[in-house]
Amino acid sequence: MTRFFRSRWWLLPPLALAVLAALHTGLWRSASSALAQGFEDWAAQRRALGWVVQHGMPVRGGWPFAVTLMVPGIEIAGSPRTTPAELRWQAEALELRIALSEWEELRVGPRGRQLLALPGLELPFAADRLELALPLDGGATPREARLVAERLRMNTPLGGFEMRQGGLTLRARLSATEGEPAFSIDLDVTGLTLPPHAGPLGQRLERLALEGMLSGPLPLQRHPTQRAEAWRDAGGTIELRRAVLQWGPVGASLSATGTLDDALQPMGAGQLAVTGAAEAVDALLAVGWLSARAAGPARAIAALLSRRGEDGGPPVLELPITLTERRIGLARLPLARLPALQWPPPPELPDAARDPSLPRSD
């Protein structure tokens with residue numbers, strides 16, 4: 001018997017490889033089925049909440065180093081039940097991918113041409129890379145989402161728009177109590193080329209960065225309007241820790257805190273620091289945010305209050321900024337009035353809920 005095994009020892013490596021290949025194939029098939037079922041469950045849940053989710057027949061792939069699901073012709077649309085403004089997104093295909101080297105992370109990437117539709121506006125776009133990374137931790141809401149974009153091109157009614165690189169990170173903590181961050185956002189975009197005649201500061205926007213948080217507790221209501229009211233009444237706030245803009249000769253940095261007023265419109269106050277204040281005044285005048293009568297005093301105030309920048313940098317102007325009743329004010333100087341947020345009306349209560357003495361109508 002010993003002589004038999006000695007004479008066939010060379011069979012052991014191929015046999016071990018065959019066993020490993022069978023185990024790997026079985027694991028891949030199981031993960032592929034789980035990925036396909038997970039996508040179908042997600043789509044069914046979105047439809048139950050009022051979203052429109054349409055797509056072609058998904059195709060599995062990626063073997064042997066990844067598990068992928070290619071979903072052709074996908075379209076996702078909101079409704080008055082789900083969003084304050086109706087929106088629709090569609091793409092030629094959507095790829096879901098789990099790499100064997102990163103088994104705890106799902107990567108979602110649209111492929112081909114895409115379209116973002118808002119009320120009265122359609123924005124076709126494409127990107128060399130557009131990828132969303134989500135943790136596979138089994139939670140109903142991912143604790144973190146990371147979006148990366150490279151060379152994104154978009155057509156707008158004003159002309160072409162291009163972004164060289166951008167990153168967005170969202171974090172969620174649904175158990176947050178009052179004052180604790182329930183959602184946080186970190187955005188950093190570089191190399192924005194705007195459409196021609198996009199503004200008086202030129203077509204090149206070098207950087208746009210934003211870091212902020214939304215405090216809890218998060219309400220349980222499903223309807224957007226009721227959810228917003230409950231969040232406001234519970235003391236919810238939005239904190240803008242840092243917002244940075246570098247557009248031509250003008251640089252700006254803003255920190256602010258806000259919430260929703262009685263009409264569910266944003267309100268808040270903060271501190272704005274500006275370099276290139278004279279050019280900023282000219283830009284506000286050109287777009288109509290500042291009247292010609294106010295432009296002269298604004299330039300004088302900017303020159304008077306600006307302080308020398310650090311390390312020999314350009315002068316910096318620091319001013320308080322407010323948002324009240326949709327009006328933006330800068331150091332008591334009115335700038336502009338924002339359009340109102342249109343919230344969908346809450347659903348009517350049944351007769352018995354409005355007056356328990358009445359019989360139910362259902």
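Here are a few things to note about the model shown:
- Residue list for the range 134-174, given a label point 7 angstrom along the Cα-to-Cβ vector of ARG207 and an amide N cut-off under 16 Å: 164-168
- Remark on LEU106: its backbone amide H falls under 5 Å from those of LEU134, LEU136, a criterion applied only to residues 5 or more positions apart or on other chains, H modelled at 1.01 Å from N.
- Using C-alpha pairs under 8 Å with a sequence gap of at least 6, the mean separation divided by the residue count of the range 26-157 gives a relative contact order of 15 percent.
- For ARG242 and ARG29, a Förster radius of 41 Å and the Cβ-Cβ distance give a FRET efficiency of 0.30, rounded to the nearest 0.05.
- Among GLY179, GLY166, GLY212, the residue with the largest mean-square fluctuation in a Gaussian network model of the chain, with springs joining Cα atoms closer than 10 Å, is GLY179.
- Cα pair count fraction exceeding 33 Å, expressed as % - the chain: 47 percent
- Computed E for GLN271/ASP188 - FRET, C-beta separation, R0 22 angstrom, nearest 0.05: 0.55
- Subtracting the Cα-Cα distance of LEU123 and GLU102 from their residue separation scaled by 0.36 nm leaves 4.2 nm.
- Choice from LEU168, LEU220, LEU192 showing the highest fluctuation, given a GNM over the chain with Cα pairs closer than 10 Å: LEU220
- Contact order, relative form, for the chain: 8 percent (alpha carbon pairs under 8 Å, 6 or more residues apart, mean separation divided by residue count).
- Potential lengthening of the chain between GLU40 and ALA66 amounts to 7.4 nm, from the contour at 0.36 nm per residue minus the alpha-carbon distance.
- Helices meeting the span-like rule in the chain (full DSSP H runs, Cα extent of at least 15 Å along the helix axis, mean Kyte-Doolittle score of -1.0 or higher): 12-48, 292-305.
- Sparse packing (at most 14 other Cβ atoms within 10 Å of the Cβ) combined with a DSSP loop state is found for the following trypsin sites (Lys or Arg not before Pro) in the range 126-162: ARG143.
- Estimated distance in nm for a label pair at ARG332 and ARG222, the labels positioned 7 Å out from Cα along Cα-to-Cβ: 5.1 nm
- Per-pair calculated FRET efficiency, R0 = 30 Å: GLU310 and LEU174 via Cβ, rounded to 0.05: 0.15
- Highest-fluctuation residue, GLY120, GLY313, GLY109 considered, GNM on the chain with Cα pairs under 10 Å: GLY120
- Compactness of the range 26-157 is given as radius of gyration and Dmax, 15.4, 51 Å, from Cα positions.
Bear in mind that the values in this text are calculations on the coordinates, not laboratory data. The structure displayed is predicted, hence computed values, not measured ones. Note that each Cβ is placed from the backbone with ideal geometry, even for glycine, and that neighbours are counted across all protein chains shown.
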